[in-house]
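Quick note: the coordinates plus some simple rules give every number you see, no bench work behind them. Computed from a predicted model, the values in this text were never measured in an experiment. Note that we place each Cβ from the backbone using ideal geometry, even for glycine, and neighbour counts take in every protein chain shown.
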Number of protein chains: 2
Amino acid sequence: MFGECTGIGGIIVKSNVTMRDIADKLGVSSVTVSKALNDKEGVSDELKEKIKIVAADMGYRFNTHARSMKEGLSYNLGIVIPERFTGSTQAFYLQFYQLLSKVLDSFHYSGILHILSQEDEDQLVLPRIYNEKKVDGFIILGQIGKEYVKQIQKIESPVIFLDFYTDQNEIDSVLSDNFYGVYEVTNYLIRNGHRKIAFVGNIHATSSIQDRFLGYYKSLLEHRIDLNHQYVIKDRDDLGKYIDIDVPQDMPTAFVCNNDEVAYNLINMLQKSGISVPDDCSVVGFDNSIYSTLTDPPLTTVEVDMEEMSKVAVKFIMEKLNNPQKKYGRTFIKGNIVFRDSVKPIK
Amino acid sequence: MFGECTGIGGIIVKSNVTMRDIADKLGVSSVTVSKALNDKEGVSDELKEKIKIVAADMGYRFNTHARSMKEGLSYNLGIVIPERFTGSTQAFYLQFYQLLSKVLDSFHYSGILHILSQEDEDQLVLPRIYNEKKVDGFIILGQIGKEYVKQIQKIESPVIFLDFYTDQNEIDSVLSDNFYGVYEVTNYLIRNGHRKIAFVGNIHATSSIQDRFLGYYKSLLEHRIDLNHQYVIKDRDDLGKYIDIDVPQDMPTAFVCNNDEVAYNLINMLQKSGISVPDDCSVVGFDNSIYSTLTDPPLTTVEVDMEEMSKVAVKFIMEKLNNPQKKYGRTFIKGNIVFRDSVKPIK
DNA sequence: CTGAAAGCGCTTACAG
DNA sequence: CTGAAAGCGCTTACAG
């Protein structure tokens, strides 16, 4: 594999420089070189400096695999995204992956993306990166099947679920605070005089939607507004496929949508049937995704703090790596309301 | 690192099973186990089968790092995306990464994303995954600075540029056929009777835009239509920041936009000033991105065949891994026109 | 068809 | 402050 080639003047130039090569050149041992390059104790400062310079001169590159063999750590983390969340309109989780990848870099870790196919999810097939010990742990993005969760819990590596939880115990997850986000944005609508407020979302499709609904419901309860079941409107079937939104006969004055895309669709639908937003009715979304700036008027929505969520998820993994017994349970990260122009007060 | 723990009935259970453990259990050598698990010659079929079963029973997982050490291959590939292409509205390259990651999987490779910060790009700092030999090569997504290209060309690992080229020689790149894509969509406009056709894009911002412009120009030339410099309209400054689009005094009947996002902005702008698309003028885009379905009417555009591009890029890398001398130069992958409703014939 | 030996490039005790 | 020895878990010749 590693060739030698004849350099200028016929000198043999190794294309693959190791610590031993550096050691030989300086007449020291490879142990000393290892200590110097890793800034460990037991080597004089002068020698350390000299070794570092020679290493750079010789074009030395550290071989992670040798260290991995000794330590049993790969310094890689697997990021798993179920295939069905990776359509060309769904950049959300890829965005997360990108943030995670940056945070991991600061820990000298790398992130390896694994798209979990529906087939592998059904058959409970674990990622190849697990079977080949390419990663030290996993961050799972988005909802996956209960059985697969069980399967993943069996492995000894640390796992954190991001943007998803189930009632299965012993699961550590980092979540956006869906409940309080929608609670607060609904409060905001009520402060603006709205009382006929609908919620748009299938509350049996995902736990996120369920929690968002409950935040909406809590706000109603606190303000002594009865929950009108006509005002809980499906946006998708139980499998997550979007369906046409049925606006109730008795028109609400405001809509709380479970996400921006749905709000985008709703606004277009309303405007086509001659209903103006926000003049005739107000609409709020969730996510602060690309859709929130594409509506006209732009959408008041709840921004998920993806960056903070990524930081916390990685921090948890790192701590579980040191202490596998460590448990976190569910951790909620607060989002922020982004005020735009899709809400209008009612007199 | 690897503990032993006392299992049921006080039997010592190793949490980290190696080939040696399997060998000991069966009274064979680890060489035989290695051959059996890798389906190599020199082991009887019965023994192979027995070894595989025992391996599965014992929960054996292959250790990539040991193999990597011997072979000098990591079975990882670095995917580099410059930071400035990773805004929350730009899922394009992340989408590419996802496709690449799937293709790599079929070669038993994994993709490691590296977001190249502007600072590292300016300082010519190579990714840590290179300095730690975590990857066997690189796919670079999107335009990067000339000096950085030079820096990357110095390394001995194979590199493929995806969706970008420069005039720097010895560079292998896989590109969408910008030139012919726009050439054909402009031909389509001309077949529909248009002759006053504008191009929207700063032709000095990226080589993609330049090529798209040239495809537009070739179509004009072939149809003996003079290039009107008023009809080449900037959409961004030379650094890529979008600016307001200045529609020329003498209104064109059709606009060829360098991408869908620009087409989206243009259509909104036109409609706000009372110009109807496609009745008053036609608009075409490029990319078939999310924007193409968000315009009203939906956009006729050119679809980039990202999947094919990903396949070809990975294939090239794999072949360069076997034969580092191999050169490909520029490879263009054809896109397809997606016909929607933003073009209307002229009498 | 099977296996003993050597080696990939590091790091971790341990001895001096 | 420095280094010899052993080992991480595989695979590659080579010998039988």
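Laid out as a table, the results:
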read-out	value
Average silhouette area of the stretch B:178-304, convex hull of alpha-carbon atoms, in square nanometres	6.9 nm²
Order of B:R84, B:R330 under a 10 Å beta carbon neighbour criterion, fewest first	B:R330, B:R84
Distance between the stretch A:211-227 and the stretch B:113-146 - C-alpha centres, whole angstrom	49 Å
Neighbour-count ranking [beta-carbon atoms within 10 angstrom, fewest first] of B:R224, A:R128	B:R224, A:R128
Long-range amide H partners of A:N258 with built H, under 5 Å	A:V200
At 0.692 mPa s and 37 °C, Stokes D of the stretch B:60-164 from Kirkwood alpha-carbon radius, µm² per second	227 µm²/s
Label 7 Å beyond Cα on the Cβ vector: B:K272 copy-to-copy distances, nm	2.4
Gyration tensor over alpha-carbon atoms, the stretch A:151-238, equivalent ellipsoid semi-axes in Å	31, 14, 9
Residue order, fewest to most surrounding Cβ atoms within 10 angstrom, among B:S208, B:S34	B:S34, B:S208
Integer Hz, Karplus 6.51/-1.76/1.60 couplings in order for the stretch A:202-210, x for Gly and Pro	7, 6, 9, 7, 9, 6, 4, 4, 4
Neighbour-limited loop hits for GluC sites (Glu not before Pro), the stretch A:37-104 (at most 13 other Cβ within 10 Å; DSSP other than H, G, I, E, B)	A:E41
The stretch A:183-278: GluC sites (Glu not before Pro) falling in loop per DSSP and having at most 15 other Cβ within 10 Å	none
Calculated [θ] (222 nm, deg cm²/dmol) that DSSP helices of n ≥ 4 give over chain B, each run adding -39,500 (n - 2.57)	-11500 deg cm²/dmol
Local electrostatic count, B:M69, Cβ distance below 11 Å [Lys/Arg +1, Asp/Glu -1]	+4
Debye equation applied to the C-alpha atoms of the protein assembly as shown, log10 I(q)/I(0) at 0.08 Å⁻¹	-0.76
Residues with amide H under 5 Å from that of B:L116, placed H, sequence gap 5 or more	B:I81, B:E83
Straight-distance crosslink candidates among lysines, where the alpha carbon sits under 23 Å from A:K218 and sequence neighbours closer than 8 are dropped	A:K196, A:K234, A:K334, A:K344
Angle between chain B longest axis and helix B:260-272 axis [Cα atoms, degrees, rounded to 10]	30 degrees
Fraction of antiparallel bridges per DSSP, the protein assembly as shown only, in percent to nearest 5	20 percent
In Hz, Karplus ³J(HN,Hα) per residue of the stretch A:238-249 (6.51, -1.76, 1.60; θ = phi - 60°; x = Gly, Pro)	5, 8, x, 7, 5, 10, 5, 8, 9, 6, x, 3
Cα-Cα separations in chain A greater than 26 Å, expressed as whole percent	59 percent
For B:V174, distant residues with modelled amide H under 5 Å away	B:F161, B:L162, B:D163, B:F164, B:T331
Rounded, prolate or oblate (a/c below 1.5 giving rounded, otherwise prolate when a/b exceeds b/c) for the stretch B:216-276 by Cα gyration tensor	oblate
Reference-scaled alpha-carbon Rg (2.2 N^0.38 Å with N residues) for the stretch B:249-306	1.06
Net charge contributed by nearby residues that have their C-beta within less than 14 Å of B:E319 (K/R +1, D/E -1)	+3
Partners for B:K311 among aspartates and glutamates (Cα-Cα distance below 14 Å; same-chain residues under 8 apart left out)	B:D105, B:D163, B:E319
Residue-by-residue Karplus 3J(HN,Hα) for the stretch A:91-100, coefficients 6.51, -1.76, 1.60, Hz, glycine and proline x	8, 3, 6, 5, 4, 4, 4, 5, 5, 4
Average Cα contact separation per residue, chain B, under 8 Å, 6 or more apart, as relative contact order %	14 percent
Candidates per GluC sites (Glu not before Pro) in the stretch A:84-181, loop by DSSP, up to 12 other Cβ within 10 Å	A:E156, A:E170
Partner lysines for B:K146 [C-alpha distance under 17 Å; skip if fewer than 8 residues away on the same chain]	B:K154
Total charge dipole magnitude, chain B, about the Cα centre, Cβ charges on Lys, Arg, Asp, Glu only, Debye to nearest 20	720 debye
Copy-to-copy label separations for A:K327, where each label sits 7 Å from Cα toward Cβ, in nm and ascending	6.3
Violating pairs (Cα-Cα greater than 24 angstrom) within the set A:K150/B:K134; A:K320/B:K102; B:K25/B:K48	A:K150/B:K134; A:K320/B:K102
For the stretch B:178-304: relative contact order, % (alpha-carbon pairs under 8 angstrom, 6 or more apart)	24 percent
Given A:K40/A:K70; B:K241/B:K315; B:K40/B:K70, the pairs whose alpha carbons are separated by over 27 Å	B:K241/B:K315
Cβ-vector label at 7 Å, B:I155, separations to other copies in nm	2.6
